[in-house]
Amino acid sequence: MLSTLSQCEFSMGKTLLVYDMNLREMENYEKIYKEIECSIAGAHEKIAECKKQILQAKRIRKNRQEYDALAKVIQRHPDRHETLKELEALGKELEHLSHIKESVEDKLELRRKQFHVLLSTIHELQQTLENDEKLSEVEETQETSMETDPKP
């Protein structure tokens, strides 16, 4: 009986040790499970942060591309200083051409007046010549009529 009792106690001791070992293993597994969960949560946070960084990098890249495109367009055009110089030169040229136009218009108006005076003078001369011709004809007719008519 003692031997049975001893075997039972041994079995019980062994079972208690296995039970304690199982409890410690469960605690260890729970600890490992919590560490894995923390690692997974950390990985999700890192993934979310990386996604944000990727989006920001894409936005920066897009902005750089737009900037480069705008810079190329801007490089095709002259700078402000040159443009202002050109505008100033064109303004002076426009002013010069305006003065030339005014002088040409004044000259044209003078020529019109001179032409009008010339035409008036020609017309008057024609009238004078016509009148002279008429007078000459009248005088000739009078002379011929006097020649043909004997004087009493």
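What FRET efficiency, computed as 1/(1 + (r/R0)^6) with R0 = 30 Å and r the Cβ-Cβ distance, is obtained for GLU66 and ALA89, rounded to the nearest 0.05?
Result of the calculation: an efficiency of 0.35.
Where Lys and Arg each count +1 and Asp and Glu each count -1, what net charge lies around ASP79 among other residues with Cβ under 13 Å from its Cβ?
With Lys, Arg at +1 and Asp, Glu at -1, the neighbours total +1.
Probe of 1.4 angstrom, ligands and nucleic acids ignored: what's the accessible area per residue over segment 1-77, in square angstrom?
Here the residues of segment 1-77 average 101 Å² of exposed surface.
Please list, by residue number, every one of the GluC sites (Glu not before Pro) in segment 74-152 that is coil in DSSP and has at most 14 other beta-carbon atoms within 10 Å. All intermediate terms of the calculation are to be shown ahead of the outcome.
Values: sites: GLU82, GLU86, GLU88, GLU93, GLU95, GLU102, GLU105, GLU109, GLU124, GLU130, GLU133, GLU137, GLU139, GLU140, GLU143, GLU147; in loops: none.
Loop-located and lightly packed - none at all.
Would you calculate the separation in nanometres between label points at LEU5 and LEU17, each defined as 7 Å from the Cα along the Cα-to-beta-carbon direction?
About 2.2 nm separates the two model spin labels.
Report the net charge of residues surrounding HIS96, where surrounding means a beta-carbon distance below 14 angstrom and charges are Lys +1, Arg +1, Asp -1, Glu -1.
Once positives and negatives cancel, what remains is -2.
Within a Cβ distance under 11 Å of ARG59, other residues only, what is the Lys/Arg minus Asp/Glu net charge? Kindly include the intermediate steps, with their values, before the conclusion.
Numbers: positive: LYS52, LYS58, ARG61, LYS62, ARG64; negative: GLU66.
Net charge around ARG59: +4.
Is it possible to state the helix-based mean residue ellipticity at 222 nm for the chain, with each DSSP H run of 4+ residues giving -39500 (n - 2.57), the sum divided by total residues, to the nearest 500 deg cm²/dmol? What is it?
-36000 deg cm²/dmol
Report, in whole Å, the centroid distance computed from the Cα atoms of segment 41-64 and segment 113-133.
Each part's Cα centre sits 97 Å from the other's.
What residue among PRO78, LEU108, LEU94 has its Cα farthest toward the positive end of the dipole of segment 48-116, where the charges are +1 on Lys, Arg and -1 on Asp, Glu, each on the Cβ?
PRO78
Quick check: the angle from helix 2-76's long axis to the longest principal axis of the chain, C-alpha only, nearest 10 degrees?
10 degrees
Residue by residue, what Karplus-based ³J(HN,Hα) values in Hz, rounded to whole numbers, does segment 86-98 have, using 6.51, -1.76 and 1.60 with θ = phi - 60° and x for Gly and Pro?
For segment 86-98, the Karplus-derived couplings read 4, 4, 5, 5, 5, x, 5, 5, 4, 5, 4, 5, 5 Hz, x marking Gly and Pro.
Using square roots of five times the C-alpha gyration tensor eigenvalues, list the equivalent-ellipsoid semi-axes of segment 79-146 in whole Å, biggest first.
Working: eigenvalues 813, 6, 3 Å².
Over the Cα atoms of segment 79-146, the semi-axes work out to 64, 5, 4 Å.
Can you compute the FRET efficiency between GLU133 and GLU109 using 1/(1 + (r/R0)^6), with r the Cβ-Cβ distance and R0 = 41 Å? Round to the nearest 0.05.
Working: r = 36 Å, r/R0 = 0.87.
Result of the calculation: an efficiency of 0.70.
How much of the accessible area of segment 26-70, probe 1.4 Å, is carbon plus sulfur, in whole percent?
On the way: 2660 of 4510 Å².
So the carbon and sulfur contribution to the accessible surface is 59 percent.
Beyond 27 Å, what percent of the Cα pairs of the chain remain?
That fraction is 78 percent.
Would you please give the FRET efficiency between LEU118 and GLU140, computed as 1/(1 + (r/R0)^6) with r the Cβ-Cβ distance and R0 = 35 Å, to the nearest 0.05?
On the way: r = 32 Å, r/R0 = 0.91.
Here the calculated transfer efficiency is 0.65.
The values are calculated or read from the model by the stated rules, or taken from the named source; none is laboratory data. If you're wondering where the values come from, they're calculated on a predicted model, not measured in any experiment. As a convention, Cβ positions derive from the backbone with ideal geometry for all residues, glycine included, and neighbour counts pool all protein chains shown. The accessibility values were calculated without ligands, DNA or RNA, using every heavy atom of the protein model including side chains. Shrake-Rupley method; radii C 1.70, N 1.55, O 1.52, S 1.80 Å.
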